[in-house]
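The values are calculated or read from the model by the stated rules, or taken from the named source; none is laboratory data. Source: prediction; values computed, not measured. So basically every Cβ, Gly included, is an ideal-geometry build from the backbone, and we count neighbours across all protein chains shown. What goes into the accessible areas is simple: the full protein's heavy atoms, side chains included, and nothing from ligands, DNA or RNA. Shrake-Rupley method; radii C 1.70, N 1.55, O 1.52, S 1.80 Å.
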Amino acid sequence: MTTYRDRAEAGRVLSDRLTALIGDPDVVVLGLVRGGVPVARIVAERLGAPLDVLVVRKLGMPWAREVAFGALGPGGVQVLNDAVASGLSSDDIAEVSHREQTELERRERLYRGGRAQLDLTGRTAVIVDDGLATGATARAAVAVVRQLGAHRVVVAVPVGAQEAYELLAAEADQVICTQRPPDFGAVSVYYEDFHEVSDEEVAEALTATA
């Protein structure tokens, strides 16, 4: 098992697996808000590609929010993990979905600001996150970028669970996952510094790569 010093180091290691995309004018790197953005910033810099953000909200179990039963994305995209969501009532799902939709819209306003709406027509979208646990958020992201016209969808993460990797491999055109430990646990275990990424850190990354 490899432990990353922080998200920047994870981005450097991950970008070494994406060198085939260097110089490709169709590539755009999309950091999943918020934890994926510092990783995506390094990847975008190394690929010489533009960086943007993709706001996707995890739908967490009411009594254990870190356990995802699905995710939401812009444009009304919703992905449910049926195996997990089957244990919830429709009222539970609706309540959590409403709360997360409100937060998704707030973050869209905050991060997109005056930025143009994402147009991925004909582009290769590289979706970057800091880790892949259930895969629900990344699956929603894949669905979103397909709706936005992406020609090719690559999911790139520094670490992930094997089951989530296999789910994504069936939906994305390519999945790059630097390590897939047999006993995955939580994403945070694979980082020495896994601080909560702030809104300011996301805004700074976008400004630095503009």
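Structure above, values below:
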quantity	calculated
Highest-MSF residue in the chain out of Gly31, Gly185, Gly76 [GNM, Cα springs under 10 Å]	Gly76
Nitroxide proxy distance, nm - points 7 Å out along Cα→Cβ at Glu171 and Met61	2.0 nm
Ratio of the Cα radius of gyration of the chain to 2.2 N^0.38 Å, where N counts its residues	0.95
Full-extension gain in nm, Ala8 to Leu110, via 0.36 nm per residue minus C-alpha separation	34.4 nm
Accessible surface of the chain [probe 1.4 Å, protein heavy atoms]: carbon and sulfur percent	48 percent
Taking the chain and dividing mean pair separation by its residue count, relative contact order in percent (alpha carbons under 8 Å, at least six apart)	26 percent
Area accessible to solvent at Arg65, 1.4 Å probe radius, in Å²	140 Å²
Cα lying deepest toward the dipole's positive end in the chain, options Ile93, Gln117, Gly60, charges on Cβ	Gln117
Projected area averaged over orientations for segment 33-74, convex hull of C-alpha atoms, nm²	3.5 nm²
Amide proton proximity set for Val67, modelled H, under 5 Å, gap of 5+	Met61
Magnitude of the charge dipole, segment 108-210, Cβ model with Lys/Arg +1 and Asp/Glu -1, debye to 20	620 debye
Extension gain (nm, one decimal) between Arg180 and Gln101, 0.36 nm per residue minus Cα-Cα	25.4 nm
Distance from segment 131-210 to segment 23-57 (C-alpha centre basis), Å	11 Å
Cα shape, segment 90-140, gyration tensor, a/c 1.5 rule	oblate
With all protein chains modelled, accessible area of Leu110 [1.4 Å, Å²]	90 Å²
Reciprocal of mean inverse Cα separation for segment 90-185 (Kirkwood radius, Å)	14.7 Å
